[in-house]
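Single-structure report; data block below.
The values are calculated or read from the model by the stated rules, or taken from the named source; none is laboratory data. The shown structure was predicted, so the numbers you read here are calculated from the model rather than taken from an experiment. Cβ placement follows ideal geometry from the backbone for every residue including glycine, while neighbour counts extend to all protein chains displayed. Just so you know, the surface numbers come from the protein's heavy atoms only, side chains and all, with ligands and any DNA or RNA stripped out. Shrake-Rupley method; radii C 1.70, N 1.55, O 1.52, S 1.80 Å.
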Amino acid sequence: MMRETPSTESAPGTSPDGSDTVGGGRNSAWGGRFAAGPDALMLRINASIDFDRRLFREDIAGSVAHCRMLVAQRILTEADGKAILNGLDKILREIEDGRLEIDPAKEDIHMHVEARLRELIGAPAGRLHTARSRNDQVATDLRLWLRAAIDRQDEGLAALQAALVDQAERHAETVMPGFTHLQSAQPVTFGHHMLAYAEMIGRDRGRFADARRRLNECPLGAAALAGTSFPVDREMTARELGFARPMANSLDAVSDRDFVLEYLAAGAILAMHLSRLAEEVVIWSSAQFRFLNPGDAFTTGSSIMPQKRNPDAAELLRAKAGRVIGALNALLVVMKGLPLAYGKDMQEDKEPLFDAADTLETCIAVAAGIVGDLMPNADRLREAAGSGFATATDLADWLVRELGLPFREAHHVTGSLVRAAEERGCGLEDLPLEVFTGTDARIHDGVYQVLGIDNSVRSRTSLGGTAPDQVRRQAAQWRSRLEQDGEAP
């Protein structure tokens, strides 16, 4: 993004306007309070340019809005405002073209932009910082960046949901075992299973949308912590940057990082959901399960075992949840003991945020690719769905519904019939009628209408159930929601 230059931390030098030196004298960001420059180690620990450089667009956008407001309020002259705006536009193009040189002594992206503006237009550059602090500046930049990141991410999540809905529609009748305790429980359909993840991702999108609404307030005008004596128009600045409103309290404006924490918390839940999906793909692709026929796009081979097809993408998706959860924990620990208002500790908000956002963006795209590439082994799924007496609950429900047995009694009768089927080495649907009547004389041949995996699945017609017609209905509802501008419910 930007061209690196060799570090000049220990080499004395003067900026073009003579206002600061590097490594051996005054620093323009700190002003006349200091007679000597910082130690090289201080520069190393203090500088954030290596990671906050990605905020350049937001930093320049914030400066443009601030400059226009200052001119509108007659705090800056129109001539100075025009020079500043032209200079900022030139700097934006330079950075986008990779032509801005990075100097670690300038600490952060804000100082790089300010220093370059001074080189371009001279004295008017120094007036841009009127009624503004780096405290409210960086808080604004980060809110702008995260707002855009959430919008990009939501598009990816909508694509993931669409891939899940595609599979649900395609496999509304593909029977598979449903599990509890990773033990065969009741038959479901593959489409129904996919829609469970569509629901999870829908909640994730809702959490991110809520976080976006709350972060969409503008800190500019809070200055360092107490506001400013200049007659600024904070409503104008907020409008210029697309915020809903200015933040109401200047202390809170510069010290709040709830919006980052909330994003990371939602991100951690999303990463957990993606990890659960990935875990199932890993298990189902194994030779022991054979539920999925692995494709080529998201698997790799072995360096020594030619027969292997490893679900590496799913394994990495599963592992990367730890990075996002770790980012949340890291920032919680940073923030938990900070008094109001700003502390340099808060500089540590960006690296975990950027890493988590980058990780999530990649993981969302990979998850959508994996889901789209899934090839269920229908024969094996059907075979597994019929094992473990998965229709036992259907039998118990029939005994309650048709014969009026209390459920606990029906549970006992069903358990006896399961034992009889085990002894015969067959399924419940294969037991002769005399075995049923020998256990309870009230049972009649209507019992066979609920036995067998297809009958079981078709009977689950309750709202949200696994019956194929319900799956198609749910998939259609999701399709409609996604077609309405990709919005989450």
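Observations
- Among the residues here, Ala61 qualifies as open to solvent by 30 Å² or more (accessible area, probe 1.4 Å) and either within 17 Å of Leu142 (Cα to Cα) or touching a strand residue (DSSP E or B) at 6+ places or on another chain (Cβ under 9 Å) (or both).
- Listed by first and then second residue, the pairs with beta-carbon distance under 8 Å, at least 6 apart or on different chains, first residue in the range 68-96 and closer than 13 Å to Val113 by Cα, second among the hydroxyl-bearing types (Ser, Thr, Tyr), are Ile84/Ser63; Leu88/Ser63.
- Residue pairs meeting the criteria (Cβ under 8 Å; at least 6 apart or on separate chains; first under 15 Å from Ala139 (Cα atoms), in the range 229-251; second in a loop (DSSP other than H, G, I, E, B) and open to solvent by 40 Å² or more (accessible area, probe 1.4 Å)): Ala238/Ala244; Ser250/Leu225; Ser250/Ala226; Leu251/Leu225; Leu251/Ala226; Leu251/Leu340
- For the range 199-253, the set of residues classified as farther than 18 Å from Leu76 by Cα, open to solvent by 50 Å² or more (accessible area, probe 1.4 Å), out of contact with any Leu (no Cβ under 9 Å at 6 or more places or on another chain) and part of a loop (DSSP other than H, G, I, E, B) consists of Ala244, Ala248, Asn249, listed by residue number.
- In the set (1) at pLDDT below 70; (2) surrounded by 14 or more Cβ atoms within 10 Å (Cβ to Cβ); (3) within 16 Å of Ala115 (Cα to Cα), the condition left unmet by Gly31 is number (2).
- Test: Arg44 is in contact with a Pro (Cβ under 8 Å, 6 or more places away or on another chain) and closer than 30 Å to Ala356 by Cβ: yes
- Helices (runs of 4 or more DSSP H) fully within the range 407-489 counting 1 or more residues that are open to solvent by 20 Å² or more (accessible area, probe 1.4 Å), without any contact (Cβ under 8 Å) to a residue 24 or more places away in the chain and more than 30 Å from Ala163 (Cβ to Cβ): 407-424, 433-439
- Contact map, the range 165-184: first residue within 22 Å of Ala367 (Cβ to Cβ) and among the small types (Gly, Ala, Ser), second residue part of a helix (DSSP H, G or I) and open to solvent by 60 Å² or more (accessible area, probe 1.4 Å), Cβ cut-off under 7 Å, separation 6 or more or different chains; pairs are Ala172/Arg472.
- Some residue of the range 166-183 being hydroxyl-bearing (Ser, Thr, Tyr), open to solvent by less than 10 Å² (accessible area, probe 1.4 Å) and touching a strand residue (DSSP E or B) at 6+ places or on another chain (Cβ under 7 Å): no
- Look at (1) under 16 Å from Arg132 (Cα atoms); (2) open to solvent by 50 Å² or more (accessible area, probe 1.4 Å); (3) in contact (Cβ under 8 Å) with a residue 40 or more places away in the chain and you find that Glu101 fails only one, number (1).
- Among the conditions (1) more than 25 Å from Asn249 (Cβ to Cβ); (2) modelled with pLDDT of 95 or more, Val334 misses just one, which is (1).
- Within the range 89-101, the presence of a residue that is out of contact with any Phe, Trp or Tyr (no Cβ under 9 Å at 6 or more places or on another chain) and aliphatic (A, V, I, L, M) is excluded.
- Residue list for the range 296-331, filter: open to solvent by 70 Å² or more (accessible area, probe 1.4 Å), modelled with pLDDT under 90 and under 19 Å from Leu160 (Cβ atoms): Ala297
- Test for Ile45: is it in contact with a Phe, Trp or Tyr (Cβ under 6 Å, 6 or more places away or on another chain), among the aliphatic types (A, V, I, L, M) and at pLDDT below 95: no
- Assessment of the range 188-207 against the conditions (over 14 Å from Gln474 (Cβ atoms) and in contact with a Phe, Trp or Tyr (Cβ under 6 Å, 6 or more places away or on another chain)) yields no matching residue.
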